[in-house]
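Student: Here it is, the structure, as structure tokens.
The values are calculated or read from the model by the stated rules, or taken from the named source; none is laboratory data. Bear in mind the structure is a predicted one, so any value in this text is a computation, not a measurement. Note that each Cβ is placed from the backbone with ideal geometry, even for glycine, and that neighbours are counted across all protein chains shown. With ligands, DNA and RNA removed, areas are computed over all heavy atoms of the protein, side chains included. Shrake-Rupley method; radii C 1.70, N 1.55, O 1.52, S 1.80 Å.
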Amino acid sequence: MKAAIFEYARADSIAQACSLLAEHGADAKLLAGGQSLVPMMAMRLARPAWLINVNEIAELKGSRRDGAVWVTGAGLRQVDVERDGELARAVPLIRQGLYWVGHVQTKNRGTLGGSLVHADPSAELPLVARTLGASFLLRRSGGERTVPADEFFQAPMMTATEPDECLVEVHWPVWRGERVGSAFDELSIRHGDFAIVAACAQVEIDTAGRCVRAALGIGGAAAVPVAAEAIARSLHGTQLEDATIDAAVESIGQCLEPGSDVHATAEYRIHLARVLAARVLRQARTNATGLARDTRA
Amino acid sequence: MNEPISSVCITVNGVEHRCEVPTRLSLVDFLRETVRLTGTHVGCEHGICGACSVILDGDPVRSCLMFAVQADGHSITTVEGLANADGSMSVLQDSFCETHGLQCGYCTPGMLVATHSLLKTNPNPTAGEIRDAISGNLCRCTGYQQIVEAVQLAARRVAAGNGNR
Ligand code: FES
Ligand code: FES
């Protein structure tokens, strides 16, 4: 349970991290909070020849509104993201998802970007990013590019990030309407464990109570988090009555490809996805109808 | 490949330690084997049990999930640093004894670090909040109930001003 030997460098800027990556490429790993990478190294599932510590890079820790998106630095600690009241008002699903992540000791260390690039298919932050259609700013020496969430998550523990790229920022769409509500729910064996299935939703309603916009996502039931776009679209123009929601999520299995394991069969995962999807849509509707925008689940 | 070595300067319970360590040395092994403070326990070594919890720059973290090099320039408080200045037990530690909040004691340093941190930000936690704060710490002996009672007792004692009974 001790990590294999590695060479180590501390990067003090994004540019320095990128040039170290350019030099060591596929042999190197960026070390952020280490809450996923270090256990994998302890179990020798990961043996990077180089670790590049990006924890001390101040440029990676910004959080600001920029027009229609909220920009978060990839190096922000999960605990700081969770406590950011302005962010919670602008993109409430992030805090609602983080409620389910790990424990205080891991959130004090774990970063936003680290969880996203680790890309566990049942992790909460990737699910929120996919559901809302966040985008990812990746930088390498001499260039940068933006990748949308539907292209970013490619397979379990695999993202579009190339070995010489560093995730710098995540851009979260802000729904500007007055009546926006969201909710996150999941089933896990114990609090803080990875979800067996997780679901989240965000809806916007007009003054007549009609749904004008909806997003629904399911985690833990496919190789990557899934945005159930057809179901979300089918809710547009409805009053989001319980019966409408139940009918809409009936077919949710069509967009999922769950596996079976010791915790749950594929069939049970689809059942859970249906139950949780209906639950988060109802809760999102209730939160949207509330007088003030509710930032809690 | 030779063992890569790094030099670090880490403050532990107020004392600065400058030394050369293997780069892959975990923070918990640094504390136990280099600094020789064995109060911090090491259980699973991969972030599950919480026995290795320490306070890093004021916040509880798992010391098996950090390499000592990452703590370079930072401050650590271990369970040894939670006792009163004269070496006697803190109110929280004493409350664990009072309520039988430990049996074998393996989880205790992690429990103390977690609940000490809780009480610092929330001096009067509910039972639910206490359970949430120790949700990342496993105890195979107590069934957790007496640990929750210990924290409640400590909170009451501090509030009543009779910290050092
Ligand atoms: S030894 Fe660190 S969490 Fe178990
Ligand atoms: S007292 Fe034995 S593990 Fe907690």
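Student: With the radius of gyration and the Kirkwood radius both derived from the Cα set of region B:120-165, what is their ratio Rg to Rh?
Tutor: 1.00
Student: Using a basic spin-label model with each label point 7 Å from the Cα along Cα→Cβ, how many nm lie between A:Thr146 and B:Asp57?
Tutor: 3.0 nm
Student: What would the Debye formula give as log10 I(q)/I(0) at q = 0.12 Å⁻¹ for the alpha-carbon point model of region A:180-289, no solvent?
Tutor: -0.37
Student: In region A:123-203, which trypsin sites (Lys or Arg not before Pro) are in a loop and have at most 16 other Cβ atoms within 10 Å, using DSSP for the loop call?
Tutor: A:Arg176, A:Arg190
Student: Let me ask something else. With every protein chain kept in place and ligands, DNA and RNA left out, what is the accessible area per residue of chain A? Probe 1.4 Å, answer in Å².
Tutor: About 41 Å² of surface per residue is accessible.
Student: Normalised by the number of residues in chain A, what is the relative contact order in percent for Cα pairs under 8 Å and 6+ residues apart?
Tutor: Value for chain A: 17 percent.
Student: Same structure again: Comparing A:Leu51, A:Leu76, A:Leu112, which has the greatest mean-square fluctuation in the GNM of chain A with Cα pairs linked when under 10 Å apart?
Tutor: A:Leu51
Student: What lysines does A:Lys29 reach when the alpha-carbon gap must be under 21 Å and sequence neighbours fewer than 8 apart in one chain are set aside?
Tutor: Within reach: A:Lys2, A:Lys61, A:Lys107.
Student: Any idea what the dipole of region A:131-182 comes to, in debye rounded to 20, about its Cα centre with Lys/Arg Cβ at +1 and Asp/Glu Cβ at -1?
Tutor: Approximately 200 debye in magnitude.
Student: Turning to a different aspect of this structure: Using only the alpha-carbon atoms, how far is helix B:108-121 inclined from the longest principal axis of chain B? Give it as 0 to 90 degrees, nearest 10.
Tutor: 70 degrees
Student: State the extension gain, in nm to one decimal, for the chain segment bounded by B:Glu80 and B:His46, taking 0.36 nm per residue of separation less the distance between their alpha-carbons.
Tutor: The B:Glu80-B:His46 span can extend by a further 10.0 nm.
Student: Also, I was wondering about something else. Give me, ordered by chain and number, the residues 5 or more places off B:Asn13 or on other chains with an amide H under 5 Å from its own placed amide H.
Tutor: B:Ile76, B:Thr77, B:Thr78
Student: Something else now. With a 1.4 Å probe on protein heavy atoms only, work out how much accessible surface B and A bury together, total over both chains, in Å² to the nearest 100.
Tutor: Summed over both sides, the interface buries about 2500 Å².
Student: With a cut-off of 8 Å between alpha carbons and a minimum separation of six or more residues, what is the relative contact order of region A:59-173 in percent?
Tutor: Computed over region A:59-173, the figure is 29 percent.
Student: With only alpha-carbon atoms in the gyration tensor, what are the semi-axes of the equivalent ellipsoid for region A:59-173, in Å, largest first?
Tutor: 20, 16, 14
Student: Starting from a Cα-only point model with no solvent, please compute log10 I(q)/I(0) by Debye for chain A at q = 0.10, 0.12 1/Å.
Tutor: -0.53, -0.75
Student: If I model a spin label at B:Glu33 and B:Glu16 as a point 7 Å from the Cα along the Cα→Cβ vector, what separation in nanometres do I get?
Tutor: Label at B:Glu33, label at B:Glu16, 2.7 nm between them.
Student: Another question, then. Taking Cα centroids, how far is region B:70-149 from region B:1-52 in Å?
Tutor: When both Cα centres are located, 20 Å separates them.
Student: How far apart, in nm, are the 7 Å Cα→Cβ label points at A:Ile189 and A:Ser13?
Tutor: Reported label-point gap for A:Ile189 and A:Ser13 is 4.7 nm.
Student: Could you state the number of Å between the C-alpha centres of region A:46-103 and region A:219-250?
Tutor: Using only Cα atoms, the two centres lie 27 Å from each other.
Student: Counting only protein chains, not ligands or nucleic acids, how are A:Cys211, B:Cys19 ordered by accessible area (probe 1.4 Å), most first?
Tutor: B:Cys19, A:Cys211
Student: Taking 0.36 nm per residue of separation and subtracting the Cα-Cα distance, what length does fully extending B:Asn2 through B:Ala160 add?
Tutor: Full extension of this stretch gives 51.1 nm more.
Student: Would you mind estimating how fast chain B diffuses translationally, via Stokes-Einstein at 20 °C and 1.002 mPa s with the Kirkwood radius over Cα pairs, in µm²/s?
Tutor: 132 µm²/s
Student: Could I ask something else about it? At a Förster radius of 60 Å, what calculated FRET efficiency corresponds to the Cβ-Cβ distance of A:Glu241 and A:Glu56, to the nearest 0.05?
Tutor: My answer for the efficiency is 0.70.
Student: Rounded to whole Å and sorted largest first, what semi-axes of the equivalent ellipsoid does the C-alpha gyration tensor of region B:91-159 yield via the square root of 5 times each eigenvalue?
Tutor: Calculated on Cα positions only, the semi-axes equal 17, 13, 10 Å.
Student: Related question: How about region A:96-142: which of its residues lose at least 50 Å² of accessible area in the presence of all protein chains relative to their chain isolated, using a 1.4 Å probe?
Tutor: Residues shielded by partner chains are A:His103, A:Gln105, A:Asn108, A:Arg109.
Student: Additional query: Which of A:Asp150, A:Asp12, A:Asp185 moves most in a GNM of chain A, Cα contacts under 10 Å?
Tutor: Of A:Asp150, A:Asp12, A:Asp185, the Gaussian network model singles out A:Asp12 as fluctuating most.
Student: Another one. Please name whichever of A:Pro173, A:Phe184, A:Thr265 sits farthest to the positive end of the charge dipole of region A:142-279, dipole taken about the Cα centre and charges placed at Cβ: Lys and Arg +1, Asp and Glu -1.
Tutor: So the residue furthest toward the plus end is A:Phe184.
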